[in-house]
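Asks: Below you'll find the structure I mean.
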Amino acid sequence: MSRIIYILFILAFSTQCTNAKINRKLSSNQNLCFNKDITSEKLAKRIQTGECNNLDFFCDLNTVEGLHQIGKIRNLHDSKFYLVKEYKGTPLENKNKVYTNQLFPWQYSMTPFKIIKKEAYYTRHLEKSLGLAEYNFDFFKRKITPLTSVQKIKIKDLILDAFKEHNAQAEVKDMNSLASRSFACGFLTIKNLLDCQNAISTIIQHVDQAGSLTVPEANIALLSEESYRVPLQNMAIKIDQWINNDEAPEGDIFDDLFTEFKDSGLNEKTSYEHTWNVMAVLATGGANYIVRAKDFAVIDINPITVFSIAKIAQGIPYLSFLTKNKGHFYGLPKSVNVSCDNGKHYHFWMSSYLAWKANQLGHTPKGSAAAAYSIFKGYQFMSKGAYRDPYRNLSIKSFEGINNIQRSDMAYSAAGIKFALNIVNNKKDEAINLDQAVLEIFKNSEDVSPLGYYESNSLYQDSFQKAYLLWFKIFAPDSPYKLLIK
């Protein structure tokens, strides 16, 4: 009996020693991974080696440093200090100090959801854009009257004219040469190479009708087809109520929109088509939809529907903040496993929509997927404007904040394409591990000595393919795609 007691004592003592070692290691790792001097670059390398694994904090730190690099954060030291305090268990003392003095809904893009001010949702920016003198929720909820044929024509003309003036993503059209399509698709698929090439051409020709890859056709449908208008109004009213009550919804935006369309009397196929079109429109600008739409959001045309879309777009980030404690982001399907908040769900949805659309237009699922991801890589590699500078990517340290943001963007894109394939293959609720995709792209990225800015510029101009291969080495862009899409 005494021998048994002795053995149990030894086991208990050993367990206590083991736990103490684990706790010391965890404490050491916390100091290593959470401190006011940590940089995105250092943390990325520790993520690579497995020393740190908190993607929640890591992605927020990337965003803080990235926004500082492009001039949207003035005081990087204070911002990081408050961010670290929050993750160490101390409540954030002044959320405004993390980013800007005033965070409006249309500034949500690139912003982690945790610092969104609820009050900002109720600004009068929407009303001013629509020509309303003041916010009037009764106006917003009033009964929708059918559009006349003249109004529908005017809506189409306004949207097409507006999109012809907006060429932010026009660089993607450079991919439409056979050589560029072959080069892009060859990295992702050999078996579906021809269909990937054709799908790229189809996507650009079909979606790019007005001069930029920003889905004018879907915008026209949402604002001129009667079958969209009441379900969008109902969805916006629900979102407004949830935010008023600080109520975290149980579902996600995709399923909730589908339910609204289905409840309105549409069949399942049409309800899905309508839902995809809404997600495409929301993906063109995220929470700042109203800024993109202001050129055709005229009060005498269709103000309630424009208002509804804008309310949905601005409400999704705040609802994602509320649902995060339930283990998911409202702005993404519940099947997506993610803690990395890059504030840009629109990258998930635009790639998802393009893959789904290409398949609907006759291309194979794998060819459509490879085409959508090739287009997104082209956007990341070549896009200029809106704080993007392709020459900067090769002229800063490989793991600086702005580059890390782009890596998480590509993981989001790959996960969105996987969701589209799941829909096509009738596996809508199959789990998608977006966090693992983020880890995968960092694990495979390489630390390369940066070029000078003008050297980077010259490389892009003189040898497009050499520039791409260097970019490819630094970013490992295919890693999340090949992890998720077998």
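Asks: Of all residues in region 230-257, which are among the hydrophobic types (A, V, I, L, M, F, W, C) and closer than 21 Å to Ile220 by Cβ?
Replies: From region 230-257, those among the hydrophobic types (A, V, I, L, M, F, W, C) are 230, 232, 235-237, 239, 242-243, 248, 253-254, 257; that's our starting set.
Across region 230-257, the qualifying residues are Val230, Leu232, Met235, Ala236, Leu257.
Asks: Counting just the residues of region 376-393 that are of a type outside the set (D, E, K, R) and in a loop (DSSP other than H, G, I, E, B), which one comes out modelled with the lowest pLDDT? Before the answer, list the steps.
Replies: First pass over region 376-393, keeping only residues of a type outside the set (D, E, K, R): 376, 378-383, 385-387, 390-391, 393.
Imposing the further condition that a residue be in a loop (DSSP other than H, G, I, E, B) reduces the set to 383, 386-387.
Values: Ser383: 77, Ala386: 60, Tyr387: 67.
The residue in question is Ala386.
Asks: On to the next question. Among the residues of region 395-428, which ones are modelled with pLDDT under 90 and aliphatic (A, V, I, L, M)?
Replies: Those that are modelled with pLDDT under 90 and aliphatic (A, V, I, L, M): Ile396, Ile402, Ile405.
Asks: Please return the ranges of helices (runs of 4 or more DSSP H) entirely within region 218-331 where 3 or more residues are modelled with pLDDT under 95 and crowded, with 19+ Cβ neighbours inside 10 Å.
Replies: Numbers: elements: 226-244, 253-263, 268-283, 289-293, 303-323.
In region 218-331, 226-244, 268-283, 289-293, 303-323 are the helices (runs of 4 or more DSSP H) which contain 3 or more residues that are modelled with pLDDT under 95 and crowded, with 19+ Cβ neighbours inside 10 Å.
Asks: Residue pairs, Cβ under 9 Å, 6 or more apart or interchain, first in region 268-285 and closer than 17 Å to Asp409 by Cβ, second in a loop (DSSP other than H, G, I, E, B) and small (Gly, Ala, Ser). List them.
Replies: Leu282/Gly331; Gly285/Ser109
Asks: Can you tell me which residue is farthest from the chain's Cα centre (by Cα) among those in region 249-279 that are under 18 Å from Ile237 (Cβ atoms) and among the small types (Gly, Ala, Ser)?
Replies: My answer is Ser264.
Asks: With the condition kept exactly as written, say whether any residue in region 357-367 is part of a loop (DSSP other than H, G, I, E, B), in contact with a Pro (Cβ under 8 Å, 6 or more places away or on another chain), surrounded by fewer than 24 Cβ atoms within 10 Å (Cβ to Cβ) and not aromatic (Phe, Trp, Tyr). Write out each step before concluding.
Replies: Initial filter on region 357-367 (part of a loop (DSSP other than H, G, I, E, B)): 361-364.
Still in the list and also in contact with a Pro (Cβ under 8 Å, 6 or more places away or on another chain): none.
No: zero hits.
Asks: Moving on. Check Tyr353 against each of (1) surrounded by 23 or more Cβ atoms within 10 Å (Cβ to Cβ); (2) under 21 Å from Lys473 (Cβ atoms); (3) hydroxyl-bearing (Ser, Thr, Tyr) and name the one condition it does not meet.
Replies: (2)
The values are calculated or read from the model by the stated rules, or taken from the named source; none is laboratory data. The structure displayed is predicted, hence computed values, not measured ones. Cβ coordinates were reconstructed from backbone atoms using ideal geometry, including for glycine residues, and neighbour counts include every protein chain displayed.
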